[in-house]
1. Take the conditions within 16 Å of the ligand (Cβ to nearest atom) and either outside any loop (DSSP other than H, G, I, E, B) or open to solvent by less than 50 Å² (accessible area, probe 1.4 Å) (or both) and apply them to Val299. Does it pass?
2. Specify the residue that is farthest from Gly216 (Cα to Cα); the eligible residues are those in the range 78-114 that are away from the ligand (no atom under 12 Å from the Cβ) and among the hydrophobic types (A, V, I, L, M, F, W, C).
3. Taking the options Arg402, Arg412, Arg339, name whichever one is among the basic types (Lys, Arg), modelled with pLDDT of 95 or more and in contact with an Asp or Glu (Cβ under 7 Å, 6 or more places away or on another chain).
4. When you go through (1) open to solvent by 30 Å² or more (accessible area, probe 1.4 Å); (2) more than 11 Å from the ligand (Cβ to nearest atom); (3) not aliphatic (A, V, I, L, M) one by one for Asp142, which number turns out not to apply?
5. Search the range 108-136 for residues being open to solvent by 10 Å² or more (accessible area, probe 1.4 Å) and in contact with a helix residue (DSSP H, G or I) (Cβ under 8 Å, 6 or more places away or on another chain), and hand back the single one that is nearest to Asp155 (Cα to Cα).
6. Taking the criterion of being away from the ligand (no atom under 16 Å from the Cβ), over 22 Å from Met1 (Cα atoms) and either touching a strand residue (DSSP E or B) at 6+ places or on another chain (Cβ under 9 Å) or at pLDDT 95 or above (or both), would at least one residue in the range 60-77 satisfy it?
Amino acid sequence: MSLFQNTLKQIWKAAQLMKLNKDVEEVLSHPQREISVAFPVRMDDGCLKIFKGFRIQHNDSRGPYKGGIRFHQDVDKEEVQALATWMTLKCAVVNIPLGGGKGGVIVNPKELSEGELERLSRSYFRAIAPVIGPDIDVPAPDVNTNPKIMGWFADEYAKWAGKDVRGIVTGKAIDDGGSKGRGSATAQGGVYILQEMAKRNNWNPAETKVVIQGFGNAGGTAAKLLAADGYELVGISDSQGGIVCNHGIDPAGLMQCKVEKKTVKNCGVHVSELHGVEGSSCKMVENEELLLEECDILVLAALENQITKENAHKIKAKVIIELANGPITPDADEILAERGIIVVPDILANAGGVTVSYFEMLQNADDEYWEEDDVNEKLHKIMIKALADVEGNAKKYDCTLREAAFVTAIERLKDKMHL
Ligand code: GLU
């Protein structure tokens, strides 16, 4: 089953619950516009290589299409369709006036030199430029893309359009017109939700064990924020593998080690030495094993399809936070729900990123910039309200938080579409 079919199944489920008009379900099941591009890049050895990519604009009934661009060797059209659709729903869950879109390029950026990466980024952006615009479709970072790449996009667009258009992308560096707090926003939004749930359920962070899959922007920042709140980080991984430690993990030390050793998998000794505690040790684990570790909270901050019907029975966490998009398949969702495991779904848990992207668009439009505390205060308000709306629907429809998040989003979309 493709990722997009998973998304359609999620929409269908919500549609059944809320007895949705079939027309609305049909519209939401089809991206409005899909662009496939093939574009040339001059490689360092002088040869010309053609790369392929997509920009898929799912729905703009609530505002301009909005969503990131990922660079990954496994990108395909169905994946981008799914991600674009989730963006529409995500923006509606947090009730910001934006639609959903997503882009992807089939490339392993780790195999490119810096110069090749810049030429690829610029060439891709030229290819999609005709359908992008601050009131049409506003890209942002996603897997393997970052503020520097957003800067190249904005610069290339300025050349193409013959004018500087600040709001053409979000997730820019602060000096390029980015928003304070955007870099940490995806993780921060998820952490605000977790803090709220912890407060209500009287979870004591010091007695709460956390495992994080993924140590990129979202996973790395979540590790830092959760450690600062006093949670015990017992396991962390990246795309190569991970470590599980009996005396917790210091994220700052691990980050330093990762820069040197390239992967957290090789940082076990470093992390246990940092503790300076007798008997402190770490073991190396594969990514699949990490998910099955004993813990209270599992943060999924890597890629899609990590928990499937094969491993859902064996998950030990009590709460799962989806900072990645689509890390749990619909089959696995059913198993987790039966087992009473709470899943805070992606379109709620990771919506902090796009929310601060929206703040960046507002700041660019007014050419007035906010302090980080103001950004975080506004983000906090939006996340807590979204959680309350979703929980309200979970009660009303007696359903999971994911189903309730879909219902919340679709209700808002339906109203706009009818208008
Ligand atoms: N790529 C992020 C996401 O999946 C952020 C999108 C944005 O800021 O537009 O939500």
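1. yes
2. Looking at residues that are away from the ligand (no atom under 12 Å from the Cβ) and among the hydrophobic types (A, V, I, L, M, F, W, C), I get Ala92.
3. Answer to the check: Arg402.
4. (2)
5. In this case the residue turns out to be Arg122.
6. Yes, the range 60-77 contains a residue that is away from the ligand (no atom under 16 Å from the Cβ), over 22 Å from Met1 (Cα atoms) and either touching a strand residue (DSSP E or B) at 6+ places or on another chain (Cβ under 9 Å) or at pLDDT 95 or above (or both).
Residue-wise test of (1) within 18 Å of Leu20 (Cα to Cα); (2) part of a loop (DSSP other than H, G, I, E, B); (3) open to solvent by 10 Å² or more (accessible area, probe 1.4 Å); (4) not polar (S, T, N, Q).
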{"site": "Ile320", "(1), (2), (3), (4)": "no, no, no, yes"}
{"site": "Asp333", "(1), (2), (3), (4)": "no, no, yes, yes"}
{"site": "Tyr358", "(1), (2), (3), (4)": "no, no, yes, yes"}
{"site": "Asp374", "(1), (2), (3), (4)": "no, no, yes, yes"}
{"site": "Arg402", "(1), (2), (3), (4)": "yes, no, yes, yes"}
{"site": "Glu411", "(1), (2), (3), (4)": "yes, no, yes, yes"}
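Conditions tested, residue by residue: (1) within 16 Å of the ligand (Cβ to nearest atom); (2) within 21 Å of the chain's Cα centre (by Cα); (3) farther than 21 Å from Asp60 by Cβ.
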site	(1), (2), (3)
Ala337	no, no, yes
Val343	no, yes, yes
Asp366	no, no, yes
Val375	yes, yes, yes
Ala404	no, yes, yes
Arg412	no, no, no
Lys416	no, no, no
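The values are calculated or read from the model by the stated rules, or taken from the named source; none is laboratory data. Everything quoted here is computed from the prediction, not taken from an experiment. Using ideal geometry, Cβ is built from the backbone for each residue, glycine included, and neighbour counts are taken over all protein chains shown. Ligands, DNA and RNA are stripped out before the accessible areas are found, and what is left, the full protein with its side chains, is counted by its heavy atoms. Shrake-Rupley method; radii C 1.70, N 1.55, O 1.52, S 1.80 Å.
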